[in-house]
1. Residues of segment 40-60 with amide nitrogen under 15 Å from the 7 Å Cα-to-Cβ point of Leu104?
2. Given a Förster distance of 35 angstrom, what is the FRET efficiency for Ala29 paired with Arg49, based on the Cβ-Cβ distance and rounded to 0.05?
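Rule-based calculations on the coordinates, nothing more; no lab input. Everything quoted here is computed from the prediction, not taken from an experiment. Glycine also receives a Cβ, built like all others from the backbone with ideal geometry; neighbour counts cover every protein chain displayed.
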Amino acid sequence: AAMESKLPGDQASARAAQLAAALDTALSACANASFALRLSLPHGGAGVRACTYADEGRTLLTGATDNLVRVWPSAPPLGGDPAPCAVLAAHESVRGTAGVQALLPLPGGEVASAGRDGKVCVWDASDTAGRGAVQPAPLAVLRGHGDGRGQEVSNKTTI
């Protein structure tokens, strides 16, 4: 459905032109700026598909195509090889699909991860003891999320 404007036609057109000009100015400024990569977090070749801050900004979580959620300090040291504080494992490869697709911070330091396997896992992201150790189990697992009709979703399915 098209979005309806609450401004009369001429005012709406003028406002759209102003916004387009502001966007052009911002993009031009970025195009001429130089950005330096400060840190790259290793994922063993897996592609990162999701990230979020949790535990009131104290931790950064990344979800990747290897089905793992990695917990990082929000301000890792810039020298040396960064290592995750914890690695959370509960998602699985199913029918040739894999990966954590979304992460959502929840109150109390918990985080929900949604994977291609049809699971939503809830983790205690504030429990980062055992630097680099795999957390044994999520706090809760919801199985079978899919396309709204209860059908599982795969790479070949279009909703």
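1. What the label zone holds, given the 15 Å backbone N cut-off, is 51-53.
2. 0.75
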